[in-house]
Amino acid sequence: KQEVTQIPAALSVPEGENLVLNCSFTDSAIYNLQWFRQDPGKGLTSLLLIQSSQREQTSGRLNASLDKSSGRSTLYIAASQPGDSATYLCAGGNSGNTPLVFGKGTRLSVIA
Amino acid sequence: SAVISQKPSRDICQRGTSLTIQCQVDSQVTMMFWYRQQPGQSLTLIATANQGSEATYESGFVIDKFPISRPNLTFSTLTVSNMSPEDSSIYLCSVDGASGGLSEQYFGPGTRLTVT
């Protein structure tokens, strides 16, 4: 059964800093991995999706990588801004059209 | 992509009552998923709802407590029955917006439930 772990649980950085959020998973037969953003009391916004055949995806200041052999994914945020403050969740799926298994998230605070 | 709406967005309910949460998708989808997010926790899958068949529940969740309907390919409801304060959570529905061979999940805005 897939298990997803995220570290750190919380992170506070000054504005402008580049940062990396880490996600690890136990089953290397992962089908896809998604990174989400969640603002307090809100739903989830999909940030990046990486298919198992891909190594990385980029969207603006965000870059997500996937290394199936080591069971790891990272989310890189460049030039962080206070508006990036949120909880970031990674989730893995073992096949298409199946539910995701979520990590506990990293709560990010970017200080102006 | 898929756009998902949920009703209600939030509610405060008394112990022992029931609440039905609605999830509407702007396109036809095979599977819909219901998750619960307890305060300070990550998302836990409650059940998978497939149109035309009974929902499949995860360990720890039962149909009597969380009955689900899936009358068509764009709509589902989750009922939280005989509520207790421990049911206070955000409830989210999601769908797989598979397109062109890509599988990506989209989430509704969630229903924040407080049980007093």
Conditions (1) modelled with pLDDT of 95 or more; (2) over 22 Å from B:Cys93 (Cα atoms) -> A:Phe36 fails only (2)
With at pLDDT 95 or above, under 25 Å from A:Gly103 (Cβ atoms) and crowded, with 16+ Cβ neighbours inside 10 Å as the only criterion, which of B:Ser76, B:Ser42, B:Ser89 stands out? B:Ser89
Looking only at segment A:58-112, how many residues end up being within 14 Å of another protein chain (Cβ to nearest Cβ), outside any loop (DSSP other than H, G, I, E, B) and exposed (fewer than 13 other Cβ atoms within 10 Å of the Cβ)? 1
State all residues of segment B:1-31 that are within 10 Å of another protein chain (Cβ to nearest Cβ), surrounded by 14 or more Cβ atoms within 10 Å (Cβ to Cβ) and part of a strand (DSSP E or B); if no residue qualifies, say none. B:Ile4, B:Gln6, B:Met31
For segment A:39-54, state whether one or more residues are closer than 20 Å to B:Pro109 by Cα, of a type in the set (Asp, Glu), within 11 Å of chain B (Cβ to nearest Cβ) and touching a residue at least 24 places away in the same chain (Cβ under 8 Å). yes
Take segment B:16-70 and flag every residue that is farther than 13 Å from B:Ser94 by Cβ and among the charged types (D, E, K, R). B:Asp26, B:Glu54, B:Glu58, B:Asp64, B:Lys65, B:Arg70
Exactly one of A:Thr26, A:Thr45 is among the hydroxyl-bearing types (Ser, Thr, Tyr) and touching a Lys or Arg at 6+ places or on another chain (Cβ under 6 Å), and that residue is A:Thr45
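The values are calculated or read from the model by the stated rules, or taken from the named source; none is laboratory data. Quick caveat, the model's predicted, so the values are computed rather than measured. Using ideal geometry, Cβ is built from the backbone for each residue, glycine included, and neighbour counts are taken over all protein chains shown.
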